[in-house]
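**Student:** Structure provided below as structure tokens; questions to follow.
The values are calculated or read from the model by the stated rules, or taken from the named source; none is laboratory data. In this text the structure is predicted, and so the values were computed from the model without any measurement. In this analysis, Cβ positions are derived from the backbone assuming ideal geometry, glycine residues included, and neighbour counts consider all displayed protein chains. For accessibility, only protein heavy atoms count, side chains too; no ligands or nucleic acids. Shrake-Rupley method; radii C 1.70, N 1.55, O 1.52, S 1.80 Å.
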Amino acid sequence: MANIQSIQPMLLLNRLWGLFAAMLLLGLAGYTGAARAGYAAIVIDPATGEVLSAVNADEQNYPASLTKMMTLYLTFQALQNGKLKVDQDLPVSNWAASRAPTKLGLRSGQTVSVNDCILGMVTKSANDAATVVAESLGGNEGHFAEMMTAQAALLGMTSTHFANAHGLPDPSNTSTARDMVKLAMALYRDFPQYTHYFATKEFVFRGQLIRGHNNLMDRYPGMDGLKTGFTDASGFNLASTAVHDGRRLFAVVLGGRSASARDRLMARLLDDGFDNQPTPEALVAQAGVPSTTRRVLAALSPIGTAEADETAPAHHRASRGCTRHRGKTCPSVAKSHGKSTTRLAHRHKAKKVVLASSSDK
């Protein structure tokens, strides 16, 4: 009898936990708003506009630090029209300095060059650098986010809304894999003179070597950009571009369960794309985390303090070693001794690549 009495409270406790979990999941549907935060992937040949692979490409998700691609788009636009200069120093506000890691460690009252802000965003995904640019171009970050959303609409990114310049968690900062690949292609089409920035693997900032998060550029021959992203709510995101035999492809992965799983999927997507065949949807699903699980992670991640890029434990990150894909040779990479200002990914001397026109977005 005593044993039965001791079991009953445990059964009741288990039932209560089950009820709590069900209520939590129901509440999370409202918490996450329109974004389902599941896995998604897309590969596009910009020369033809052909979609080579697409899984959940139009499902709204959290872009995390892929958001900075739009901040960089507006930065390049300002450089091109003369509103900014590469060597121009920009003021650092209290708000910019207070942005959560990852960051360059800028302090209020300092200045930082546009060039260093760009490199900081591309490599370390520096949230303070993104905010400095946002405030310089928009007056404040809120207005700059409106500028970002307006530019997204002009680029045909019809399912995107930006709430900030960096990708730190915000329920209203949402996009899709299809919109993110449109943005990636627009960067290369509209600002070819600045695309070398995306190949930067590391640079020296005020005597400190700043290394990038995009480890796949060391492993996938022909890859020379673009951008990583991570929050608990978004999972591991990646926008990539690579060239093989003069042909450039663009791809986006959202919602990876780990950096290594995301990178393996990206490599497979590009391999299949260059072979003109779709990647099986089951492989995309294996690399991602179901949206229900992602909602739980979103609820448990403090919206004001979660970090916006790959600050996950080291065992989640991809190796920097080169992996051969289908007989393709790996590029040689120069070792850094902390003296050079930048180190770039290997960029193939390929045939001229024709990007889709604005009407093809």
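**Student:** Do you know which of the residues in the range 78-102 that are within 16 Å of D190 (Cβ to Cβ) and buried (at least 18 other Cβ atoms within 10 Å of the Cβ) is nearest to the chain's Cα centre (by Cα)?
**Tutor:** Step by step, filter the range 78-102, then rank; the result is L79.
**Student:** Can you pull out every residue in the range 121-148 that is farther than 19 Å from G212 by Cα and outside any helix (DSSP H, G or I)?
**Tutor:** Looking only at the range 121-148, we keep the residues that are farther than 19 Å from G212 by Cα, and these are 132-148.
Once the filter is applied, which keeps residues that are farther than 19 Å from G212 by Cα and outside any helix (DSSP H, G or I), the range 121-148 yields G139, N140.
**Student:** Taking the range 265-281 on its own, how many of its residues are of a type in the set (A, V, I, L, M, F, W, C) and either in contact with a Cys (Cβ under 8 Å, 6 or more places away or on another chain) or open to solvent by 70 Å² or more (accessible area, probe 1.4 Å) (or both)?
**Tutor:** Within the range 265-281, the subset of a type in the set (A, V, I, L, M, F, W, C) is 265-267, 269-270, 274.
Retained after the next criterion (residues that are either in contact with a Cys (Cβ under 8 Å, 6 or more places away or on another chain) or open to solvent by 70 Å² or more (accessible area, probe 1.4 Å) (or both)): none.
Total satisfying the criteria: 0.
**Student:** Suppose the filter is small (G, A, S), crowded, with 16+ Cβ neighbours inside 10 Å and assigned to a loop (DSSP other than H, G, I, E, B); does S108 pass it? Reasoning before the result, please.
**Tutor:** Values: small (G, A, S): yes; crowded, with 16+ Cβ neighbours inside 10 Å: no; assigned to a loop (DSSP other than H, G, I, E, B): yes.
Spelling it out, it is not the case that S108 is small (G, A, S), crowded, with 16+ Cβ neighbours inside 10 Å and assigned to a loop (DSSP other than H, G, I, E, B).
**Student:** Check P169 against each of (1) surrounded by fewer than 24 Cβ atoms within 10 Å (Cβ to Cβ); (2) at pLDDT 95 or above; (3) over 27 Å from P192 (Cβ atoms) and name the one condition it does not meet.
**Tutor:** Here P169 clears every test but (2).
**Student:** Another question, if that's okay. Can you name the strands (runs of 3 or more DSSP E) wholly within the range 158-240 that have at least 2 residues being in contact with a helix residue (DSSP H, G or I) (Cβ under 9 Å, 6 or more places away or on another chain) and in contact (Cβ under 8 Å) with a residue 24 or more places away in the chain? Write out each step before concluding.
**Tutor:** Numbers: elements: 200-205, 208-211, 223-231.
Filter on the range 158-240 gives 200-205, 223-231.
**Student:** Does the range 84-95 contain any residue that is on the phi < 0 side of the Ramachandran plot, assigned to a loop (DSSP other than H, G, I, E, B) and among the polar types (S, T, N, Q)? Step through it out loud before you land on a result.
**Tutor:** Start the filter on the range 84-95 by keeping residues that are on the phi < 0 side of the Ramachandran plot, which leaves 84-95.
With assigned to a loop (DSSP other than H, G, I, E, B) added as a condition, the list becomes 84-88, 92-93.
Narrowing further to those that are among the polar types (S, T, N, Q): 88, 93.
Yes, some residue in the range 84-95 is on the phi < 0 side of the Ramachandran plot, assigned to a loop (DSSP other than H, G, I, E, B) and among the polar types (S, T, N, Q).
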